[in-house]
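Notes follow the structure.
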Amino acid sequence: MCGIAGIFQRDPQQPLDRQLLANMAAIQYHRGPDEYGVRCFDDRGVGFSHARLSIIDPYGNAARQPFVSDDDRLLLAHNGEFYDYKRIRADLTSRGDRFNSKTDSEIILGLYPRLGLEKTLTKLRGEFAVALYDKDEDALFLVRDRFGIKPLYWTMTEDGLVFGSEIKVLFAHPKVERRLNEEGVLHQLIQVMVPGTTAFEGVHQIKPGHVLRVKRSGTSFEVSDLQYWDYEFPHADAHQNPRPEAENIELVREKLLEAVTLRLEADVPVGCYLSGGIDSCSILGLSAAVRQDPVKAFTIGFDDADYDETPVATEMAQATGADQEVLRLNANHLYGHFEKTLWHTERTIYNTLAVAKYLMSQRVNELGYKVVLTGEGSDELFAGYPAFRRDLFLHGLPDLEPEERKTWESMLGESNALFKGAMLAEDELDDPHLSAKIGFTPSCLQPWLACTHTARDLMQADLRARLKNYHPGEAIAATFDSTALSGRHPLDRAQYVWSKTMLEGQILTWGGDRVDMANSMEARPAFLDHHLAAAAVTIPPVQRIKQRKEKHVLREAMKGLLPKVLYEREKFAFMAPPAHTDQEKWQSMMVLADEHLSDEAVQAAGILDHQAVHNMLEEAVAEETSRARKVQLDAVINHALGVQILHKHFIAQDVPALAARRAQELGWVPDKAA
């Protein structure tokens with residue numbers, strides 16, 4: 001697990017700045033503090049840099065990246081993990097290949113020349129971001145894993161393409177423009193992003209399951225975006241004659257155990273994140289059964305009993321003999337580290353769970369761990385969120401009696417009252433663009449689209465005017481593949497949309513890689529294994545959600561190792577207590593607001609309207625404001641703080657100078673011959 005960066009120039013004869021490449025590595029030192037490297041093909045105008053977190057083959061310099069193939073044809077930088085790499089390496093060795101290290105990364109240099117990129121990608125299992133330059137093709141390939149677990153960004157300058165694992169890496173380059181754009185700001189304020197975009201003008205993400213191919217022709221580029229993987233939900237008719245439930249239970253158990261076993265592979269200690277949910281408890285239970293020694297389990301605890309899951313987590317830890325570490329957090333912890341967390345997330349956050357996870361990864365690092373297994377992805381595969389249940393009974397059960405439908409909705413509302421306004425919308429919202437593309441507006445997007453009016457009002461008048469004809473739902477809908485949605489069951493469509501928006505843009509970003517790697521800690525979400533996903537999408541909706549209970553098949557597959565209370569209860573969304581629920585936390589939020597949402601700060605940034613900010617803060621504390629609206633405003637205030645903080649750190653600050661200083665402080669001065 002690492003940070004990667006690189007430059008691909010239009011003019012192959014333009015000299016490369018090795019120190020700049022080192023600076024781009026240094027500004028992401030947190031991703032790879034163990035060593036760095038810079039390699040260039042000077043006659044081709046291409047150079048990569050790498051900051052390494054050593055997990056596989058951590059001893060000596062053989063695994064130091066970037067790698068150059070023995071024939072000097074290929075230049076490679078890799079972030080992430082390839083599982084099952086030992087078998088692949090042994091197979092390639094039997095065919096005559098030789099390797100200079102024991103790292104998983106190097107298998108690319110054996111697979112690609114033999115198979116080409118398309119077939120090589122079918123062999124790769126895990127989470128990864130890859131940059132590969134091929135001299136013979138004079139082309140750069142930027143590849144992101146199937147689910148978007150690992151980040152990868154790119155932009156164009158007047159000289160060529162710049163890429164990196166984080167946006168700040170691009171901004172370390174002095175020729176990369178640093179500017180927030182109005183569409184990006186609006187989406188930051190409503191939480192949900194347009195897939196592939198960022199808050200910043202001209203800065204793009206490689207989409208999950210995609211390859212960006214940049215081929216040079218003379219001094220110009222031909223850029224193509226190619227999809228190599230997607231969720232393949234079957235047509236709705238296929239669910240009419242499904243596999244027996246017992247077979248699906250066995251299939252899920254088999255595939256999940258395989259995924260967990262592969263992800264326990266490391267040359268350093270591996271722990272587990274543990275909440276009170278089925279997902280992380282299943283991961284811990286299987287890990288404890290596979291391992292010979294006790295597993296270290298890390299749990300976040302909150303000072304509000306309504307949001308605290310430590311009792312169930314502790315019961316699970318005791319049942320498996322795990323060595324549990326509980327990190328208890330309060331309001332001062334969460335808002336006291338809010339700004340630092342956003343330096344790493346590079347986008348706004350609606351809930352301080354991101355801060356809690358940042359603090360947890362810090363604790364994991366302090367205890368000497370570099371790797372943990374996590375439960376992310378289970379809700380996406382097995383329909384765990386309350387929004388999925390809502391979409392199922394509204395759109396996916398046509399034979400459900402009206403009274404029964406009303407009972408479902410009432411029970412769902414009661415069990416998720418804490419989260420209404422965030423996980424569920426207060427009122428039904430229909431976006432015509434999304435409904436035209438999907439058949440309905442998925443419940444997962446409704447609470448955030450419902451913030452659009454509030455978000456627009458928060459923006460300065462000139463920005464609002466430029467957004468007059470812009471519709472967030474239309475922009476989001478335009479990114480979805482109609483062929484993946486057409487003819488699918490409504491629950492399949494809802495899960496597909498969540499995975500393309502909230503999973504990649506939230507769960508795996510400010511709830512995953514960015515807050516984990518902020519403290520040099522690799523998280524491995526075992527559920528996000530494409531072999532497991534291929535099995536999960538074939539499970540019929542009535543086996544995913546059965547008798548109003550989500551994740552039925554997973555629940556049954558893991559029944560033998562789950563605490564009884566967990567096996568029987570509904571999904572409980574894991575989030576930090578919102579600020580409005582506690583006076584101390586509200587005051588902590590207001591301390592940040594005094595700094596970042598003051599009239600002076602707002603006017604200096606030129607993004608928000610200071611009067612609209614005042615109005616929002618007043619509404620948030622008014623007695624007549626409903627609970628659901630307070631939950632919504634809590635999120636929007638966090639987003640407004642976030643927009644201001646993003647401007648401070650990435651626009652107002654001289655990022656290239658910061659990167660240069662960090663490189664000098666670290667002594668990262670590359671050899672001119674590299």
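The values are calculated or read from the model by the stated rules, or taken from the named source; none is laboratory data. On a predicted model such as this, the values are computed, not experimentally measured, just so you know. Every residue, glycine as well, gets a Cβ built from its backbone with ideal geometry; the counts of neighbours run over all protein chains shown. Side chains included, ligands, DNA and RNA excluded: accessible areas come from the protein's heavy atoms. Shrake-Rupley method; radii C 1.70, N 1.55, O 1.52, S 1.80 Å.
Quick one: net charge around residue 144, please, counting Lys, Arg +1 and Asp, Glu -1 for every other residue with C-beta under 12 Å from its C-beta. Don't jump to the answer; show the numbers that get you there.
Numbers: positive: 146, 150, 207; negative: 127, 145, 225, 504, 513.
Summing Lys/Arg as +1 and Asp/Glu as -1 gives -2.
Hand me the trypsin sites (Lys or Arg not before Pro) from region 91-126 located in a DSSP loop with no more than 16 other Cβ atoms within 10 Å, in residue order please.
Working: sites: 95, 98, 102, 114, 119, 123, 125; in loops: 95, 98, 102, 125.
The qualifying sites are 95, 98.
Place a +1 charge on the Cβ of each Lys and Arg in the chain and a -1 charge on the Cβ of each Asp and Glu, then give the dipole magnitude about the Cα centre in debye, rounded to the nearest 20.
Values: 75 positive and 99 negative charges, 287 e Å.
Dipole size: approximately 1380 debye.
Show me, for region 633-648, the HN-Hα J-couplings you get by feeding each phi into the Karplus relation (A = 6.51, B = -1.76, C = 1.60, θ = phi - 60°), rounded to Hz, glycine and proline as x.
Each residue's phi maps through the Karplus curve to give 5, 4, 5, 5, 4, 4, 5, 5, 4, x, 4, 5, 5, 4, 4, 4 Hz.
Taking 0.36 nm per residue of separation and subtracting the Cα-Cα distance, what length does fully extending residue 266 through residue 327 add? Display every interim value, and only then the final one.
On the way: separation 61, 0.36 × 61 = 21.96 nm, distance 2.48 nm.
Length gained between residue 266 and residue 327: 19.5 nm.
Could you tell me the calculated FRET efficiency between residue 559 and residue 426, based on Cβ-Cβ distance and R0 = 45 angstrom, to the nearest 0.05?
Working: r = 35 Å, r/R0 = 0.78.
The pair residue 559/residue 426 has a calculated efficiency of 0.80.
Could you work out how far the C-alpha centroid of region 473-511 sits from that of region 602-661, in angstrom?
27
Note down the accessible area of residue 2, probe 1.4 Å, to the nearest 10 Å².
10
Provide the FRET efficiency to the nearest 0.05 for the residue 86-residue 138 pair, computing r from the beta carbons and using R0 = 41 Å. Working shown, then result.
Numbers: r = 33 Å, r/R0 = 0.81.
Plugging the Cβ-Cβ distance into 1/(1 + (r/R0)^6) gives 0.80.
Only sites in a loop by DSSP and with at most 10 other Cβ atoms within 10 Å count here; which chymotrypsin sites (Phe, Trp or Tyr not before Pro) in region 563-666 make the cut?
Numbers: sites: 567, 572, 574, 586, 650; in loops: 572, 574.
Sparse-neighbourhood loop chymotrypsin sites (Phe, Trp or Tyr not before Pro): none present.
Tell me the trypsin sites (Lys or Arg not before Pro) within region 593-674 that lie in a loop according to DSSP and have at most 13 other beta-carbon atoms within 10 Å.
Working: sites: 627, 629, 630, 648, 661, 662, 672; in loops: 672.
Hits after loop and neighbour filter: 672.
Normalised by the residues of region 21-169, what does the relative contact order come to in percent, with Cα pairs under 8 Å and at least six apart? Intermediate values should be presented prior to the final figure.
Numbers: 239 pairs, mean separation 29.2, N = 149.
Answer for region 21-169 is 20 percent.
Just how far, in whole angstrom, is region 267-292 from region 19-79 if you go by their alpha carbon centroids?
One Cα centre to the other: 31 Å.
Find how much the distance from residue 457 to residue 238 grows on full extension, using 0.36 nm per residue of separation minus their present alpha carbon separation; answer in nm with one decimal. Provide the component values of the computation, followed by the final result.
Details: separation 219, 0.36 × 219 = 78.84 nm, distance 4.62 nm.
Length gained between residue 457 and residue 238: 74.2 nm.
Identify the residues of region 180-206 with backbone N under 20 Å of a label point that sits 7 angstrom from the Cα of residue 657 along the Cα-to-Cβ direction, or state none.
Counting backbone N atoms under 20 Å from the label point, the list is 180.
I'd like to know which of 214, 235, 252 lies farthest towards the positive end of the charge dipole of region 204-268, counting +1 on Cβ of Lys and Arg and -1 on Cβ of Asp and Glu.
214
Taking Cα pairs under 8 Å and at least six residues apart, what relative contact order does the chain come out at, in percent? Could you put the intermediate results ahead of the total?
On the way: 1263 pairs, mean separation 123.0, N = 674.
Once normalised by length, the contact order is 18 percent.
Name the lysines eligible as straight-distance cross-link partners of residue 86: C-alpha to C-alpha under 30 Å, and not fewer than 8 places from it in the same chain.
Here the lysines satisfying the reach criterion relative to residue 86 are 102, 119, 123, 135, 150, 207, 255, 296, 370.
Say a paramagnetic label sat at a point 7 Å from the Cα of residue 538, along Cα to Cβ; which residues of region 216-241 have their backbone N under 20 Å from it?
229-241
Given a Förster distance of 30 angstrom, what is the FRET efficiency for residue 403 paired with residue 546, based on the Cβ-Cβ distance and rounded to 0.05?
Values: r = 20 Å, r/R0 = 0.65.
E(calc), rounded to 0.05, equals 0.95.
Residue 35's amide H: which non-local residues (gap 5+, or another chain) put their own amide H closer than 5 Å, with H modeled 1.01 Å from N in plane and none for Pro or chain starts?
52
From the phi of every residue in region 581-587, what ³J(HN,Hα) in whole Hz does the Karplus formula 6.51 cos²θ - 1.76 cosθ + 1.60 yield, where θ is phi - 60° and glycine or proline is x?
7, 8, 4, 5, 5, 4, 5
Quick one: which residues, 5 or more positions from residue 546 or on another chain, have an amide H under 5 Å from its amide H? H modelled 1.01 Å from N in the peptide plane, none for Pro or chain starts.
Answer set, sorted by chain and number: 552.
Using only the alpha-carbon atoms, what does the chain span along each of its principal axes? Please give whole angstrom values in decreasing order.
Extents along the principal axes, in whole Å: 72, 61, 47.
In nm, to one decimal, how far is the residue 95 label point from the residue 222 one, both placed 7 Å along Cα→Cβ?
For residue 95 paired with residue 222, the spin-label model returns 2.7 nm.
Could you give the dipole magnitude of region 571-674 about its Cα centre, charging the beta-carbon of Lys and Arg +1 and that of Asp and Glu -1, in debye to the nearest 20? Intermediate results must be reported in sequence, preceding the final value.
Numbers: 9 positive and 15 negative charges, 125 e Å.
Taking the Cα centre of region 571-674 as origin, the dipole is about 600 debye.
Whose amide H sits under 5 Å from the amide H of residue 126, counting only residues 5 or more places off or on another chain, with H placed in the peptide plane?
Residues meeting the amide H criterion: 83, 530.
In deg cm²/dmol, rounded to 500, what helix-only [θ] at 222 nm does the chain give when every DSSP H run of at least 4 residues adds -39500 (n - 2.57) and the total is split over its residues?
Mean residue ellipticity, 222 nm, calculated: -11500 deg cm²/dmol.
Could you give me the ³J(HN,Hα) list for region 350-367, computed from phi with Karplus coefficients 6.51, -1.76, 1.60 and θ = phi - 60°, whole Hz, x at Gly and Pro?
Those phi angles translate into 8, 9, 6, 4, 4, 5, 4, 6, 4, 5, 5, 5, 4, 5, 4, 4, 4, 8 Hz.
Given axes a ≥ b ≥ c from the Cα gyration tensor, I'd like to know whether region 181-316 is rounded (a/c under 1.5), prolate (a/b larger than b/c) or oblate.
Numbers: a/c = 1.82, a/b = 1.48, b/c = 1.23.
Prolate is the answer for region 181-316, as a/c is 1.5 or above and a/b outweighs b/c.
Put +1 on the Cβ of each Lys and Arg and -1 on the Cβ of each Asp and Glu in the chain; which of 290, 314, 435 then has its Cα farthest toward the positive end of the dipole?
It is 290.
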